[in-house]
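Presented below is the structure to which this report refers.
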Amino acid sequence: MNGGYMGKLLRVDLTTGTVTEESLPGEAILRKYVGCLGLAMKILNDEVPPEVGPVDPENRLIFMTGPLTGTPAPSSSNFVVASINYDVPYMAGTAHSHGYWGAYLKMAGYDGIVVQGTAKRPVFLWVHDGQAEILPADDIWGKDTHETEDLVKKRVGNGQEVSVAAIGPAGENMIHGALIQNDKNHTAAKGGMGAIMGAKKLKAIAVSGRRGVPMADPAKVLEVTEVWRNNIYAAESVGKLLSKGGITRVYGYVGQTSMLAGKNLSDPEWGVTYSSNIVEAAKEWWVTPVSCYGCPIACSYRVEITTGPRKGTVATLGGGGENTEGAAAMIGVLDPGTALWLTDLHDRLGFDSSAAGCSLSLAYELYERGIITKEDTGGLELKWGNADAAVELLNMMIRREGFGAILADGPKQAAERIGGEAPKYAVHIKGTGYNLHDWRPVWSVLLGQVIAGAGPCWQAPGVDAWATEPDLGYPEFTPGTTAEGKPEQVKKTQMKKLWEDCLGVCWFATWGVPKAIELAPQALAATVGWEDFTSDEAFQVGERVINLERIFALKRGMTAEHDLDVSPRLLEAPPSGQAKGKSIEPYLKEMVREYYRLMGWDEETGKPSRETLSRLGLGEHAEAIGV
Ligand code: SF4
C-alpha cells in the first residue's frame, strides 16, 4: 500500500478534552472497506453497541475521507459523516458532503476524525498541519452556519486556506433533520448528523493543511483521470446535466416528468410552473457556478437574485433541486427568488430542507383543509405560499415553542401528535423526510429510498430517472410505474453507488458516466497500489457495506416491518401528471421481499443469511443478528 491514505485518524474525546492520533486500520481492513462510507461504517459498528442512544456520550460522530479524496481523480472532494441516525434511531445515519473540507483534512495529515464524549461547554475543533486543538465556542453558539464559518475562519486565520464544517441553531437544539454545512454551498444533510454534533456541543470543525496525498503511480492516476473526466461529458450523465450552475438550468426536466415535490405532493401539475419559473428567472439572475476540490462539473452555485420581491438576495446553494423543493415548493411558494432565499435560510439555520420541509408542508396542507386553524398554529396563517409563516415556524421549531414543538421531531411524529386525519397527509419514509423529488412516477428510485440502509437517502438511484447506467446493462430508462425489474435495478445501482461512496469522489462524477465501473477501480489501484483490484472486488465492497448497514440496524432492533413504514401520501396514486392513477402500494411489499431475496437475505425478516455474511467476510456478525 503506497498511497491514497495519510495513515492517521484523530480521536477526539470531548468529555476529557483530549485529542490523540491513531494509525488507520491495517491493509486487510482497508481493502475490505476502502474508506469514506465503508470505513466509517466499520468503525461505527465496532465501537457503538446497540444499547447506546444517539445523544449518549458513548455515541461516535465519524468524519471520514476516502483514498481518492484530495487526489487528481475527478470531483475528489467527498467525505462522509456517520453516526447513529438521529432521525431514524434504529439505523445508522450517513451523510455525504463535498466542497474543500475533506481534501483539506487530508492535507492536514488525517484520513478521518472520530469524535466521542460530550463537551461541558460549546467548543470547536481546529485541525491544521498535523496538529489539533479543542477551542472554546461560547461566543459562536447560536450563530447560523455561514456566520459560524466566517467567525471561525477569522479566529484561526493562519494565512492558509481553511475549510469549516459547522452546525446551525437546528443542530444546537437537536431538532429533527439537523444538518452540518461546510464551505457555504455544501451540506452533510441526512440522518440528523447536525443534531448529534449539537448533542456533543461541537459547533464546528475547521481544517487546513499543505501536505500532498501520496499516490502509488501518479502517471497512471493522471491517465485514468483524463479518460474519466472526458467520459463525464460523453453521455447524459448527471454530472453533465448539472454542470455549470446546477438545477437552475435544467429544472424543467423535473416539472415535466411530474417529479417535482410541490404542495405536500398534492398537486403534481403545479410543479411544472414552479420549475419553469426558476429556469426563466435564472436567465436574468447572476448565477456563478461554484466548484469543489478537483471538480470539472461545478454544479453548485452562488446566485444573486436580481428580480422580484427578493431582489438583492445572495444565496449559495448545492447543485440539486431537492433542497428548494423541501424549503419552498412543498409549502407552495411559487416566486423563484423567494424559493432560493428560503433554501439558503434552511442551510443557514442548519435544517435539511427535505426533513423540515415535510413537517412544514404537512402543517400547510392540514391548515388548507381546515383540519388545523390559527388557534393551533399560534396565529400563523399557513396558506400555500406563505413564506414568512415558514420562517416563523422554523424558528419556533428551533425553540421547541408552541406549534413549532409539535413539528420539531419530524413529519410522522407531528402527524401523530396532531392526530385525527393528520397521518393520512404526512409525507415520510421511516418517519422522516426522504430526498425530495416526488418519486411516485419512478418506482425504482422510490424503492431505493424505502430500502436504503441509513434511513431514506440516496443509495440506489435505479434507472428510471435522471441517468441510465449502460455499464449495468441499462442503456435506456426503464418504464417508471411498473414493479417489474425494479428490485434488481435497485440492488445493482445500490451496490455500485455504495462502492463509489467509499472512494472519496462525488457521486455526480460516476452516476451514469460510461465506464465508471472500470475507471474508478483503476484509479483506486493506481492511487493506493492495489494493482490487482478489479470491478468485481469493487462491487463486493459495495455489497459488504450494504450488509454492514443492515447488520448495524438489525442489532438495534430494526425489523422488516420498518422497511414498510411509508406514509400513505407516498403510496397514493398521484391525482395528475405522468403517474396519474398509478400507485406502488399493491406491489411494494413484494418488491421489498424480492429485493431481500436478490440480496441473499431472508425474505420474511430481511436478515442476511449466514452464507451471504460468510461470502462477504462478515460471518462474525451472524450470532448477533440471530441467523
Ligand atoms: S459535482 Fe457538484 S457537489 Fe459534486 S464535487 Fe462537483 S461541484 Fe461539488
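Residue separation of Arg302 and Asn395 scaled by 0.36 nm, minus their Cα-Cα distance, works out to 31.0 nm of gained length. Centre-to-centre, using Cα atoms only, the range 269-284 and the range 413-475 are separated by 23 Å.
Its Cα centre serving as origin, the range 8-208 has a Cβ charge dipole (Lys and Arg +1, Asp and Glu -1) of approximately 160 debye.
Using the Cβ-Cβ distance between Asp536 and Asp138 with R0 = 45 Å, the FRET efficiency computed as 1/(1 + (r/R0)^6) comes to roughly 0.30. Ellipsoid semi-axes for the range 143-299, based on the Cα gyration tensor and the rule √(5λ), read 31, 27, 15 Å when sorted largest first. Within the accessible area of the chain, the carbon and sulfur atoms contribute 49%, probe 1.4 Å, all protein chains present.
Checking the table Lys244/Lys283; Lys430/Lys580; Lys106/Lys220 against a 19 Å threshold on Cα-Cα, which pairs fail? Check vs 19 Å cut-off fails for Lys430/Lys580; Lys106/Lys220. Remark: the Cα gyration tensor places the range 399-491 in the prolate category, a/c being 1.5 or greater and a/b exceeding b/c.
Both numbers refer to the Cα atoms of the range 8-208; Rg and Dmax are 15.1, 45 Å. Going 7 Å from the Cα of Glu620 along its beta-carbon direction, which residues of the range 9-30 have the amide nitrogen within less than 18 Å of the resulting point? Only 23-30 fall inside the zone, counting backbone N under 18 Å.
Determine, from the Cβ-Cβ distance of Arg121 and Glu47 and an R0 of 25 Å, the FRET efficiency 1/(1 + (r/R0)^6), rounded to the nearest 0.05. In this case the efficiency is close to 0.50.
The residues of the range 235-425 have, on average, 34 Å² of accessible surface per residue, using a 1.4 Å probe with all protein chains present. 3J(HN,Hα) couplings calculated from phi for the range 488-501 with the Karplus curve 6.51 cos²θ - 1.76 cosθ + 1.60 (θ = phi - 60°) are, in sequence order, 5, 4, 5, 4, 5, 6, 5, 4, 5, 5, 6, 5, 5, 6 Hz; Gly and Pro show x. Taking amide H as placed 1.01 Å from N in the peptide plane, Tyr474 has its amide H under 5 Å from the amide H of Glu469, each at least 5 places away in sequence or on another chain. The lysines within cross-link reach of Lys497, meaning a Cα-to-Cα straight distance under 19 Å and a gap of 8 or more places when in the same chain, are Lys32, Lys42, Lys190, Lys240, Lys486, Lys515. One chain, two ends: Glu603 and Arg31. Fully extended at 0.36 nm per residue, the span grows by 202.9 nm beyond their Cα-Cα distance. Rg and Dmax, both from the Cα atoms of the range 453-576 and both in Å, are 16.3, 55. The alpha-carbon positions of the range 432-486 define a convex hull whose volume is 79 Å³ per residue. Histogrammed with a bin width of 20 Å, the alpha carbon distances of the chain distribute as 21, 59, 19, 0 percent, first bin at zero. Please label the shape of the range 252-301 as rounded, prolate or oblate, based on the square roots a ≥ b ≥ c of the eigenvalues of the alpha-carbon gyration tensor (a/c under 1.5 means rounded; beyond that, a/b larger than b/c means prolate, else oblate). Judged from the Cα gyration tensor, the range 252-301 comes out prolate (a/c at least 1.5, a/b above b/c).
Give me the percent of DSSP beta bridges within the range 8-208 that run antiparallel, rounded to the nearest 5. Restricted to the range 8-208, the bridges split so that about 75 percent are antiparallel.
A full extension of the chain between Val314 and Ser23 corresponds to an added length of 100.5 nm, given 0.36 nm per residue minus the alpha carbon distance. Size estimate for the range 500-548 follows the Kirkwood approach: the inverse of mean 1/r over distinct Cα pairs works out to 11.2 Å. Distance from the alpha carbon centroid of the range 99-148 to that of the range 317-371 works out to 29 angstrom. Rounded to the nearest 500, the helix-only mean residue ellipticity at 222 nm of the chain stands at -11000 deg cm²/dmol, with each DSSP H run of n ≥ 4 adding -39,500 (n - 2.57). Its Cα centre serving as origin, the chain has a Cβ charge dipole (Lys and Arg +1, Asp and Glu -1) of approximately 660 debye. With the convex hull of its Cα atoms as the shape, the range 235-425 has an orientation-averaged projected area of 10.9 nm².
The values are calculated or read from the model by the stated rules, or taken from the named source; none is laboratory data. A quick note: this is a predicted structure, and the numbers were derived from the prediction, not measured. Counting neighbours? That spans all protein chains shown, and the Cβs are built from the backbone with ideal geometry, glycine included. We work out accessible area using only protein heavy atoms, side chains counted, and drop any ligands, DNA or RNA first. Shrake-Rupley method; radii C 1.70, N 1.55, O 1.52, S 1.80 Å.
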